[in-house]
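As structure tokens, the structure follows; a few thoughts come after it.
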Amino acid sequence: MKLEKRKSMALFYFSIALAIFSSALYHFSAKSAPAEINFPIALTVTYAIALLVTMLTALFFPAENGLASELKKLNWSSVLLSVAIVGIEFGFLLAYRSGWELGVAAVLTNVAASLLLVPVAIWIFKDKLNWVNVAGILVCLAGLMMLNWKK
């Protein structure tokens, strides 16, 4: 196997492992937040620390043409991503504060969001679905019903 292909595969698996671990850490942290804390203040501190961490990562991913050049490449997606991140944070902090269980809230939101994105993926990004994908979607729908099943 060529070195470039091995690097590509390593990045492929590392990236999803990082996302999975970070998502689990995120939900654990959100569920562990003190109920009496003012969460806009807590999120402000969180984002300040996140800014520092993000700035440190710039050491590993330097802007080849400089900061100004990279800032010019930004578009509306950065603003929308910011709004989405704040919505996710507030949503989960409120959900956990109101009594949602860790495993149920995390799974429910991720599966529901994924199902909402299927038409977006098809119509906007021109993704293709095969019969295995459709079967997976049906399993996800069944899983959502089972998560909300009343005992």
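Overview of results
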{"item": "Helical contribution to [θ] at 222 nm, DSSP H n ≥ 4, -39,500 (n - 2.57), averaged over the chain, rounded to 500", "result": "-26500 deg cm²/dmol"}
{"item": "J(HN,Hα) series, the stretch 86-96, from Karplus relation 6.51 cos²θ - 1.76 cosθ + 1.60, nearest Hz, glycine and proline x", "result": "5, x, 4, 4, 4, x, 6, 4, 5, 4, 5"}
{"item": "(i) -1.28, -1.44; (ii) -0.96, -1.24; (iii) -0.83, -1.23, with the label sought being that of the calculated log10 I(q)/I(0) by the Debye sum over Cα atoms at q = 0.16, 0.20 Å⁻¹", "result": "(i)"}
{"item": "Per-residue ³J(HN,Hα) for the stretch 99-110, Karplus 6.51 cos²θ - 1.76 cosθ + 1.60, θ = phi - 60°, Hz, x for Gly and Pro", "result": "x, 4, 7, 3, x, 6, 4, 5, 5, 4, 5, 5"}
{"item": "Length released on extending from Trp131 to Val79, taking residue separation times 0.36 nm less the Cα-Cα span", "result": "15.2 nm"}
{"item": "Protection proxy ranking of 40-49, 117-126, 97-106, 54-63 - average other beta-carbon atoms within 10 Å, highest first", "result": "97-106, 40-49, 117-126, 54-63"}
{"item": "Options Leu51, Phe90, Ala112, ranked by Cα towards positive dipole end of the chain, top entry (Cβ charges)", "result": "Ala112"}
{"item": "Label-to-label distance, nm, for residues given as Thr44 and Leu11 (7 Å Cα→Cβ offset)", "result": "3.8"}
{"item": "Residues with amide H under 5 Å from that of Ile37, placed H, sequence gap 5 or more", "result": "none"}
{"item": "Net lengthening on full extension, Leu141/Tyr26 (0.36 nm per residue, minus Cα-Cα)", "result": "39.0 nm"}
{"item": "Estimated inter-spin distance, Ala58 and Val120, nm [label 7 Å along Cα→Cβ]", "result": "2.8"}
{"item": "Sparsely packed trypsin sites (Lys or Arg not before Pro) within the stretch 1-69, loop by DSSP, other Cβ within 10 Å at most 14", "result": "Lys2"}
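Quick note: the coordinates plus some simple rules give every number you see, no bench work behind them. In this text, all values refer to a predicted model and were calculated from it rather than measured experimentally. Glycine also receives a Cβ, built like all others from the backbone with ideal geometry; neighbour counts cover every protein chain displayed.
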